[in-house]
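The structure appears below as structure tokens.
The values are calculated or read from the model by the stated rules, or taken from the named source; none is laboratory data. Every value quoted in this text rests on a predicted model; they were computed, and no experiment measured them. Cβ: placed from backbone, ideal geometry, glycine included. Neighbour counts: every protein chain shown. What goes into the accessible areas is simple: the full protein's heavy atoms, side chains included, and nothing from ligands, DNA or RNA. Shrake-Rupley method; radii C 1.70, N 1.55, O 1.52, S 1.80 Å.
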Amino acid sequence: MDSYLEALKAYQSFNPAGWVAIYRLMPMWAGIVCCVLGLGLLLFGGGKSAFRAISGPLGMLIGLGWTGVLLTKFGVAADPRLPTVAAAVLAVLGFIFPPAIIYLGVGIPIGLLGGQIAGPNDFLIGFAPGLILGGLVAAVLHRHVSAIIASMMGGWLLVLGAMAALHQFGGLVSAMASQPWGLIIAAGLFAIAGSVYQIAVRPSPEEEERQHAERQRLKMRQAELKATEKRWSAPRGGR
């Protein structure tokens, strides 16, 4: 577990080679599972039930990945246990209220970017508007944002899973890993395709509910029609 947590620290900074290197810790079976999960996220991850299922793990990753960074940026002494506590809290929050994870998942990176632009002395001035405005826009457009986030996770899981599953072909995989930008671009293309499919092709949750209600009404009408036909076709006794 410590090796996985250490590998996840690469996601706290701009480190493409480190982002890719985590595949080396994954056995082949885990790579195959990641491929299946990644494909599922690309196709269905933005749905209400599916995104609720991934909001918990996503909240955990946000807690592990960004708590230490934020504490450092704000000049607060970081307790080694705080990222774990934050990860547990955000994981529970993700399962209970997924929009909060959408808010933080989009707002924190935008806030960090704003703080970086503002500079170390005015970090809070740049961070706060980015967090608030970015998070609010993401929460309002939660259906589209959840599909995009799920597709980004799915594309990356698919790429890392394929790398881990093919790890036995050492030369090929090592050559691919030495070009992290190529893998990032591949994951991005998968994410774009998944986002377009979920937003433009799949029906919205409201449309799915309407179609489900329509199918239920049709079944009820068919059942009533069959009952009426059966009642009229039944032989009647004489007087």
task: Mind listing whichever residues of segment 133-188 are open to solvent by 70 Å² or more (accessible area, probe 1.4 Å), under 27 Å from Ile102 (Cβ atoms) and of a type outside the set (Val, Ile, Thr)?
output: Leu133, Leu136, Leu141, His142, His144, Met152
task: Would you be able to say whether some residue in segment 130-140 is within 23 Å of Ser49 (Cβ to Cβ), in a helix (DSSP H, G or I) and touching a residue at least 60 places away in the same chain (Cβ under 8 Å)?
output: no
statement: Scanning segment 76-92 for residues that are touching a Ser or Thr at 6+ places or on another chain (Cβ under 8 Å) and part of a helix (DSSP H, G or I), the one farthest from Gly59 (Cα to Cα) turns out to be Leu82
- request: Give just the number: which of (1) closer than 28 Å to Val20 by Cβ; (2) under 17 Å from the mean Cα position of the chain (by Cα); (3) crowded, with 17+ Cβ neighbours inside 10 Å does Tyr103 not satisfy?
  value: (1)
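Modelled with pLDDT of 85 or more, assigned to a helix (DSSP H, G or I) and open to solvent by less than 60 Å² (accessible area, probe 1.4 Å): does that describe Leu42?
Values: modelled with pLDDT of 85 or more: yes; assigned to a helix (DSSP H, G or I): yes; open to solvent by less than 60 Å² (accessible area, probe 1.4 Å): yes.
So Leu42 fits the description; yes.
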task: Determine which member of the set Ile54, Ile110, Ile96 is open to solvent by 20 Å² or more (accessible area, probe 1.4 Å) and without any contact (Cβ under 8 Å) to a residue 24 or more places away in the chain.
output: Ile96
task: Would you check which residues across segment 176-212 are at pLDDT below 80 and in a helix (DSSP H, G or I) and list them?
output: Ala177, Pro205, Glu206, Glu207, Glu208, Glu209, Arg210, Gln211, His212
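Does Val85 count as open to solvent by 50 Å² or more (accessible area, probe 1.4 Å) and modelled with pLDDT of 90 or more?
On the way: open to solvent by 50 Å² or more (accessible area, probe 1.4 Å): yes; modelled with pLDDT of 90 or more: no.
Answer is no for this residue.
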- request: Scan segment 58-81 for residues that are surrounded by fewer than 16 Cβ atoms within 10 Å (Cβ to Cβ) and under 17 Å from Leu104 (Cβ atoms) and jot them down.
  value: Phe74
